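S.K.: Got a structure for you, questions after.
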Amino acid sequence: MATKKKPAVPGLKLVTSSKASLFPWIGLSLIIVLLDQVTKITVERTFAYAETLPITSFFNLIKVYNPGAAFSFLGDAGGWQRWLFLGIAIGAVVFCIYMMSKNASQRLFCFALALIMAGAIGNGIDRVVHGHVIDFLDFYWNGIGHFPAFNIADIGISVGAVLFVLDELRRVNKT
């Protein structure tokens, strides 16, 4: 004896989506960009160039400019690097949005890309507006020296890159 299936309720549609939304990741990036820019504006208005404010025995706030990339790579190249690094930032943002849209349900992957994208946007804004990136976080250890100064955008890029690698390692270990 066969059982009858109940008819669907007229007008009721079951909506299922296999794709997660891209908007939380974009929102996270925008929050980080806002935090990055607010801190840079505050430092720019509050400090003179190279002025240092000791906070702890291993940390200062300092206002320095970086026309190059990480660790001042190509910092003295004459100006063309501004546009090169801006182009790389734009490419990174486009790539991150594309990858997040294709993999929006993969939380760690998208979180990593959102952080990287925020850092690229934050430092890209500086390159357009100032021609250089404003750095202000200065960590150091007595007897060893100072780590190169950095900013919130740099933290986003660095943490995002580490999370990206961890996510890939996690994927490889699943197979």
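S.K.: Out of the residues in the stretch 103-151 that are in contact (Cβ under 8 Å) with a residue 12 or more places away in the chain, farther than 26 Å from residue 43 by Cα and more than 16 Å from the chain's Cα centre (by Cα), which is surrounded by the fewest Cβ atoms within 10 Å (Cβ to Cβ)? Lay out the reasoning, then the answer.
M.R.: Step one: filter the stretch 103-151 for residues in contact (Cβ under 8 Å) with a residue 12 or more places away in the chain, giving 104-106, 108-128, 130-142, 148-151.
Add one more test, that the residue is farther than 26 Å from residue 43 by Cα, and what stays is 104-106, 108-113.
Checking the rest, the ones that are also more than 16 Å from the chain's Cα centre (by Cα) come to 104-106.
Working: 104: 17, 105: 11, 106: 16.
By that ranking, first place goes to 105.
S.K.: Sticking with this one: Pull out all pairs, ordered by first then second residue, where Cβ-Cβ is under 9 Å, the residues are six or more apart or on different chains, the first lies in the stretch 12-34 and is assigned to a helix (DSSP H, G or I) and charged (D, E, K, R), and the second is open to solvent by less than 100 Å² (accessible area, probe 1.4 Å) and at pLDDT below 95.
M.R.: Listed pairs, sorted by first residue: none to list.
S.K.: Ok, one more. Mind checking which residues of the stretch 45-77 are open to solvent by 70 Å² or more (accessible area, probe 1.4 Å), modelled with pLDDT of 90 or more and outside any strand (DSSP E or B)?
M.R.: The answer is 45, 46, 49, 51, 55, 57, 58.
S.K.: Also, quick follow-up: Examine the stretch 55-66 for a residue that is more than 28 Å from residue 22 (Cβ to Cβ) and touching a His at 6+ places or on another chain (Cβ under 7 Å), and state whether such a residue exists.
M.R.: Initially, the stretch 55-66 is screened for residues more than 28 Å from residue 22 (Cβ to Cβ), giving 55-66.
When the remaining residues are screened for being touching a His at 6+ places or on another chain (Cβ under 7 Å), the result is 65-66.
Yes, the stretch 55-66 contains at least one residue that is more than 28 Å from residue 22 (Cβ to Cβ) and touching a His at 6+ places or on another chain (Cβ under 7 Å).
S.K.: May I ask you to verify whether residue 87 is more than 27 Å from residue 55 (Cα to Cα) and either open to solvent by 80 Å² or more (accessible area, probe 1.4 Å) or not aromatic (Phe, Trp, Tyr) (or both)?
M.R.: When the stated conditions are applied, residue 87 passes them.
S.K.: Give the residue that is nearest to residue 68 (Cα to Cα), with candidates limited to residues of the stretch 152-169 that are open to solvent by less than 30 Å² (accessible area, probe 1.4 Å) and either part of a strand (DSSP E or B) or among the small types (Gly, Ala, Ser) (or both). Write out each step before concluding.
M.R.: First pass over the stretch 152-169, keeping only residues open to solvent by less than 30 Å² (accessible area, probe 1.4 Å): 153, 156, 160, 167.
Those still in the list that are either part of a strand (DSSP E or B) or among the small types (Gly, Ala, Ser) (or both) too: 153, 156, 160.
Numbers: 153: 14, 156: 18, 160: 20 Å.
Only one residue fits best here, namely 153.
The values are calculated or read from the model by the stated rules, or taken from the named source; none is laboratory data. Everything numeric here is computed off the predicted structure, so don't read it as measured data. Here Cβ is always computed from backbone atoms with ideal geometry, including for glycine, and neighbour counts include all displayed protein chains. Protein only, heavy atoms only, side chains kept; ligands, DNA and RNA dropped before computing areas. Shrake-Rupley method; radii C 1.70, N 1.55, O 1.52, S 1.80 Å.
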